[in-house]
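**Q** Here it is: the structure, laid out below.
The values are calculated or read from the model by the stated rules, or taken from the named source; none is laboratory data. Predicted, not measured: the structure shown is a model, and the values here were computed from it. Please note: Cβ atoms are built from the backbone with ideal geometry, for glycine as well, and neighbour counts cover all protein chains shown. Only protein heavy atoms, including side chains, enter the accessible area calculation; ligands, DNA and RNA are left aside. Shrake-Rupley method; radii C 1.70, N 1.55, O 1.52, S 1.80 Å.
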Amino acid sequence: MRIGMLTSGGDCQALNATMRGVAKALYKMYEDVEIVGFEDGYKGLIYADYHIMKPSDFSGILTKGGTILGTSRQPFKQMRVPDESGLDKVEAMKHTYRKLKLECLVVLGGNGSQKTANLLREEGLNIVSLPKTIDNDLWGTDMTFGFQSAVNIATNAIDCIHTTAASHGRVFIVEVMGHKVGWLTLHAGLAGGADIILLPEIPYDLDVIVEALKERNRQGKRFSILAVAEGAISKEDAALSKKELKEKKKNSVSYPSIAYEIGAQITERTGQEVRVTVPGHMQRGGEPCAYDRVLATRLGAAAAKLIQEKKYGYMVAVKNDEITSVPLEEVAGRLKMVDPNCSVIQEAKLIGISFGDE
Ligand code: F6P
């Protein structure tokens, strides 16, 4: 029996740990299983770049960051568009799958990758997928692997900033990844003791931020730390259509990212010195934390079990700490966003953290 495997989209911690979980369980279930590793995500499936993996390839990788298969971003929107040489990518993927006589394709990926996995399912391929992303924005699972490791790194960045902020009495902004959602910023912001947390799901009002900073000054606090999601947006901008927002951006000062824009506005309004820190891709790097190693192992083993049961077209997921599976058609194209009224936010507000909204 031959199983294909690929890692797709942005990398994150625990990709290797998850593949190890799938492989170890498969090797234990079947004597004759062969795993085919596709290089650089769907690209490897399209252009038939693959190699036969050995059981030893999956040893010693539990703690290894990145992905031993390599990855790439192959936008879902482009999947139906032929490549530069006119190649039909979907047909090419189906061809590789059939030529190799795969029983199933295992996909480790985030939102875009799950959409492509669902498209391949619709095209008749047997698919089992696993929820990968530091953003934790996949529908159908409470948790994605990579998220907790990234929370630890972003928290560490805020911790480091704390000592310098306290020494200098400045305002510091730490910009956290997360794409269009605020899970990473919310959790790292809370864990790092940020005073103000700005999320895409809760558009901010600059007046409220300025007032929160002034209040801290009145209380004799020498410094303030803002954890700002890369996708944070002001109330004003959130009210605009995509087109209007694009037009507005074209005609105003351009900043490298939202944290710099907010920083400049705070200085202009309060005269306070502001420094911006962007940990960026550090948040996806290094070894997976203990939580992710456990989650990866559980999800990996559960994916192998789906293959054993021939239950195809599902993403393995975690709900209330139980491992389960969700139909790919439910997952594809849906984002799991932070609920602005969720209890974590209410509790954070109770201890005085401002979300820039009230
Ligand atoms: O989806 C993971 C993520 O790190 C997001 O948080 C971020 O917006 C994006 O990927 C960055 O993508 P890239 O690595 O392509 O710059």
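**Q** Select from the range 270-294 the residues that are touching a Pro at 6+ places or on another chain (Cβ under 9 Å) and more than 15 Å from the ligand (Cβ to nearest atom) and list them in ascending order.
**A** The one that is touching a Pro at 6+ places or on another chain (Cβ under 9 Å) and more than 15 Å from the ligand (Cβ to nearest atom): 276.
**Q** Report, by residue number, each residue of the range 178-200 that is open to solvent by 30 Å² or more (accessible area, probe 1.4 Å) and either within 15 Å of the ligand (Cβ to nearest atom) or closer than 20 Å to residue 339 by Cα (or both).
**A** Of everything in the range 178-200, those that are open to solvent by 30 Å² or more (accessible area, probe 1.4 Å) and either within 15 Å of the ligand (Cβ to nearest atom) or closer than 20 Å to residue 339 by Cα (or both) turn out to be 179, 180, 183, 187, 190, 191.
**Q** Go through the residues of the range 38-46 one by one and say whether even a single one is over 18 Å from residue 302 (Cβ atoms), basic (Lys, Arg) and assigned to a loop (DSSP other than H, G, I, E, B).
**A** no
**Q** Inside the range 29-42, can you point out the residues that are open to solvent by less than 60 Å² (accessible area, probe 1.4 Å), away from the ligand (no atom under 16 Å from the Cβ) and within 10 Å of residue 69 (Cβ to Cβ)?
**A** 37, 38
**Q** Restricting attention to the range 136-164, and to residues there that are more than 17 Å from residue 281 (Cα to Cα), of a type in the set (A, V, I, L, M) and buried (at least 21 other Cβ atoms within 10 Å of the Cβ), which single residue is nearest to the ligand (Cβ to nearest atom)?
**A** Ranking the qualifying residues of the range 136-164, first place goes to 138.
**Q** For a quick check of your reading: which helices (runs of 4 or more DSSP H) sit entirely within the range 235-275 and have at least 3 residues that are at pLDDT 95 or above and under 17 Å from residue 205 (Cα atoms)?
**A** By residue number, 235-238, 258-270.
**Q** Restricting the search to the range 201-214, which residues are buried (at least 20 other Cβ atoms within 10 Å of the Cβ) and in a helix (DSSP H, G or I)?
**A** Residues satisfying the conditions are 209, 213.
**Q** With 15, 102, 26, 45 as the choices, which residue is in contact with a Gly (Cβ under 6 Å, 6 or more places away or on another chain) and open to solvent by less than 30 Å² (accessible area, probe 1.4 Å)?
**A** 102
**Q** Of all residues in the range 12-37 being part of a helix (DSSP H, G or I) and farther than 22 Å from residue 285 by Cβ, which is nearest to the chain's Cα centre (by Cα)?
**A** Among them, the one singled out is 22.
**Q** Under the condition of being open to solvent by less than 10 Å² (accessible area, probe 1.4 Å) and not in a loop (DSSP other than H, G, I, E, B), which residue from the range 1-11 is nearest to residue 108 (Cα to Cα)?
**A** Among those residues, the one meeting the criterion is 7.
**Q** Go through (1) touching a helix residue (DSSP H, G or I) at 6+ places or on another chain (Cβ under 9 Å); (2) open to solvent by 50 Å² or more (accessible area, probe 1.4 Å); (3) without any contact (Cβ under 8 Å) to a residue 60 or more places away in the chain; (4) not in a loop (DSSP other than H, G, I, E, B) for residue 68 and report which single condition fails.
**A** (4)
**Q** Would you mind telling me which numbered condition in (1) touching a residue at least 60 places away in the same chain (Cβ under 8 Å); (2) away from the ligand (no atom under 16 Å from the Cβ); (3) of a type in the set (D, E, K, R) residue 11 fails?
**A** Of (1) touching a residue at least 60 places away in the same chain (Cβ under 8 Å); (2) away from the ligand (no atom under 16 Å from the Cβ); (3) of a type in the set (D, E, K, R), only one is false for residue 11: (2).
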